Every structure is written in structure tokens, then in C-alpha cells.
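Asker: I have a structure here, written as C-alpha cells, and I will follow up with some questions on it.
The values are calculated or read from the model by the stated rules, or taken from the named source; none is laboratory data. Remember, it's a predicted structure, so these values are computed and weren't measured experimentally. Neighbour counts run over all protein chains shown; Cβ positions are idealised from the backbone, glycine included. Side chains included, ligands, DNA and RNA excluded: accessible areas come from the protein's heavy atoms. Shrake-Rupley method; radii C 1.70, N 1.55, O 1.52, S 1.80 Å.
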Amino acid sequence: MENIRGMAWMTLAMLGFALADMFIKFASHTLPVGQILAMFGFGGAVIFAALAKREGAVLVSPVLLTPPVVIRNLSEMCGTICVVSAIALVPFSTFSAILQANPLLVTLGAALFLGEPVGWRRWSAIAVGLAGVLLIIRPGMDGFDINVVFAVLGVIFMSSRDLSTRAVPNSVSAAQLSTYSLAAIIPGGLAVLAVTGGGAVWPEPLIWGAMTGAITMGLIAYFAITKAMRVGEIGAVTPFRYTRLIFALIIALLIFGERPDALTLIGAAIVIATGLYSFAREARLRAK
């Protein structure tokens, strides 16, 4: 029963993230990417700071300067810049398919940088999964869009964020970490706004609604994923991360009128299949 509840929470979290991405893409039709980043970072940081204070956490702490937290904040900033840029410039379905490579890259990074044991079967799964990503982005082919580089870099930086989180002391609460990382997005967004040369735009009421929706859905997703990981077994709950792609494809079809081509769908299926295999293999090894 606990695993079923965990699966439900994880599915809700993935729906929340997909809806947050949808709202950001909608806002990107009017607002510069840098402004979206600054608004999202500010709104999220304020809310999570209030939650952290409610928990009795000290926000200004020496832990801010520890290497894991610094790396995590920089990874969050760079990753969010790339992800929001990809949402604005790349077809929604393509971006969402590339995003599914995150668990494979986390496994790869854990083996390379954290010394976690990875056998030849999971190495093979990682290689096949990355080949699936190449099918989606198609470098050197006529359908290649240089903007997908933002999505690829976003996945790499987000994987770095996830890996560095493992090294953060348990005494640092999730609300504290989220406050730090969201606050780090604000200067990143202002820097993007300055570099791109575009001025800030006063949002129309509909765009204010979109940004409010993005922040709200992001908070719901964060709460749900935290509940999922605490309620169910990791091996049972984690594979439901891939429901995000299902929701994203529905949104791409119904809201943005996209029709993903065969290569994108095949590549996404390969990435998901290898990710599920990697999860199953890890769970089997832990059970021994």
C-alpha cells in the first residue's frame, strides 16, 4: 500500500513539473528568458525561505560556503538557465524527451565521481540510452536544431545538482537547499537579461497568471516528489519519474499542436527503457 501511495505521489509530481514547463513556455512567448528566470527564482526563493524559517532553519549559515552546496547552487543556476532557454526555443516534446536522460547521467556521474560500483550491464544501458538521446537530437542531420544543445546542457547541469546533493550534510533541510538554489537563479537571470540586451517587460495579467502557475506547479511537484521518496521504496517509486514524458507529450499535442516524429519517439523509448533497466538492476543488487 505504501508503494502505491508513493507511485501516486511521484506521478503527481511529474504532472506538476510538466505543467510548470508548459506555463514557462507560454510565458516565453512574451517575456525574455532572463526575466522569466529572475521572476521564477525570486518567487520560489521567497516561498521556500518562509518554509525554512517555519522549520526553524537559519538561512544565512556557513553551510552556504561548503563545496557541495556551492556546486549545487552553481549547477542549479546554470541548469535552470539552459532548461528555460530550451523550453523557450525547442519543441516541447523534444525538450521533454531529452530530459529523460537525467537518471542515466546521474548513474554515470555516481560511477565516475563518487566511486559507486556500476557493472557492465548498467554501463551498457547508459551507452544505449545516450545513443537514444542522439536519435532525438540528430547531430549532423537535416533535422538538427542547434538550440537542443541548451536541453543537453540543462540535463548535464541538473545531473550535477543531483549528485552534489548527495554530499550535502543531512543537517541542511530540503527547504534550505531549495531557498539557496532558487535564490542563485536570480542573478543568473539578470545576467542573461543583460547579455541578451533585452529590457524587462511588464507582464500582462495573463502572463502574470502563467508565471504564478509555473511557481505554484513547481511547489506542488516539489512537495509531491518529497512525499513520494519518503513514503514508498525507491526502487518502486523512481521509475514513475518517466510519467513526466507522457504528460509532456499530451501537453505538446493538445496545447502546442506538436507532432513528434518517429525518431524522437523511438529515441525517447530507448532512453526510458534503459533507464528502467538501470533502476531494476540497481534495486536487484541492493536486495542481495
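Asker: Testing A210 on (1) more than 22 Å from I98 (Cα to Cα); (2) surrounded by fewer than 21 Cβ atoms within 10 Å (Cβ to Cβ), one condition comes back false. Which one is that?
Answerer: (2)
Asker: Here's a follow-up. For F223, are the conditions met, namely being of a type in the set (F, W, Y), open to solvent by 50 Å² or more (accessible area, probe 1.4 Å) and within 18 Å of S96 (Cβ to Cβ)?
Answerer: Here the answer is no, as F223 does not meet what is asked.
Asker: What is the residue count in the stretch 115-125 for residues that are surrounded by fewer than 21 Cβ atoms within 10 Å (Cβ to Cβ) and touching a helix residue (DSSP H, G or I) at 6+ places or on another chain (Cβ under 7 Å)?
Answerer: Final tally of qualifying residues: 3.
Asker: Among what's in the stretch 230-258 and is in a loop (DSSP other than H, G, I, E, B) and modelled with pLDDT of 90 or more, pick the residue that is surrounded by the most Cβ atoms within 10 Å (Cβ to Cβ).
Answerer: Selected residue: E258.
Asker: Follow-up question, since we're still on this one. Output the residue which, of all residues in the stretch 1-22 that are of a type outside the set (A, V, I, L, M) and open to solvent by 60 Å² or more (accessible area, probe 1.4 Å), is modelled with the lowest pLDDT.
Answerer: The residue in question is E2.
Asker: Sticking with this one: Name the residue, out of I36, I87, I47, I98, that is at pLDDT 90 or above, in contact with a Lys or Arg (Cβ under 6 Å, 6 or more places away or on another chain), assigned to a helix (DSSP H, G or I) and of a type in the set (A, V, I, L, M).
Answerer: Exactly one residue qualifies, and that residue is I87.
Asker: Can you tell me how many residues in the stretch 150-183 are under 18 Å from the mean Cα position of the chain (by Cα) and open to solvent by 60 Å² or more (accessible area, probe 1.4 Å)?
Answerer: The qualifying residues number 5.
Asker: Given (1) modelled with pLDDT under 90; (2) of a type outside the set (S, T, Y); (3) in a helix (DSSP H, G or I), where does A269 come up short, assuming only one miss?
Answerer: (1) is the only condition that A269 fails.
Yes/no matrix, rows are residues, columns are (1) farther than 25 Å from L89 by Cβ; (2) aliphatic (A, V, I, L, M):
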| position | (1), (2) |
| --- | --- |
| A174 | yes, yes |
| L177 | yes, yes |
| A214 | no, yes |
| F240 | yes, no |
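Asker: Shifting gears a bit: Do you know which residues across the stretch 92-125 are within 20 Å of the chain's Cα centre (by Cα) and of a type in the set (G, A, S)?
Answerer: Result: S93, S96, A97, A101, G109, A110.
Asker: In the stretch 143-182, which residues are within 21 Å of L64 (Cβ to Cβ) and assigned to a loop (DSSP other than H, G, I, E, B)?
Answerer: Across the stretch 143-182, the qualifying residues are R166, A167, V168, P169, N170, S171, V172, S173.
Asker: Would you point out the residue of the stretch 118-142, among those that are within 20 Å of F95 (Cα to Cα) and outside any helix (DSSP H, G or I), that is modelled with the highest pLDDT?
Answerer: In this case the residue turns out to be R138.
Asker: Report every pair of residues separated by at least 6 positions or lying on different chains whose Cβ atoms are under 6 Å apart, first residue within the stretch 61-81 and under 9 Å from S181 (Cα atoms), second of a type in the set (F, W, Y).
Answerer: Final answer for the pair search is N73/Y180; S75/F157.
Asker: What number goes with the only condition from (1) open to solvent by 40 Å² or more (accessible area, probe 1.4 Å); (2) of a type outside the set (F, W, Y); (3) more than 17 Å from the chain's Cα centre (by Cα) that L89 does not pass?
Answerer: (3)
Asker: Failed condition for E76, given (1) within 20 Å of T165 (Cβ to Cβ); (2) more than 22 Å from the chain's Cα centre (by Cα), with all others met?
Answerer: (2)
Quick grid of which residues meet (1) open to solvent by less than 10 Å² (accessible area, probe 1.4 Å); (2) farther than 15 Å from I186 by Cα; (3) assigned to a helix (DSSP H, G or I); (4) in contact with a Pro (Cβ under 7 Å, 6 or more places away or on another chain):
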residue: I24; (1), (2), (3), (4): no, yes, yes, no
residue: A52; (1), (2), (3), (4): yes, yes, yes, no
residue: V58; (1), (2), (3), (4): no, yes, no, no
residue: E76; (1), (2), (3), (4): no, no, yes, no
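Asker: Could you check the stretch 183-211 and list, in sequence order, the residues that are at pLDDT below 90 and in a helix (DSSP H, G or I)?
Answerer: T196, the sole residue that qualifies.
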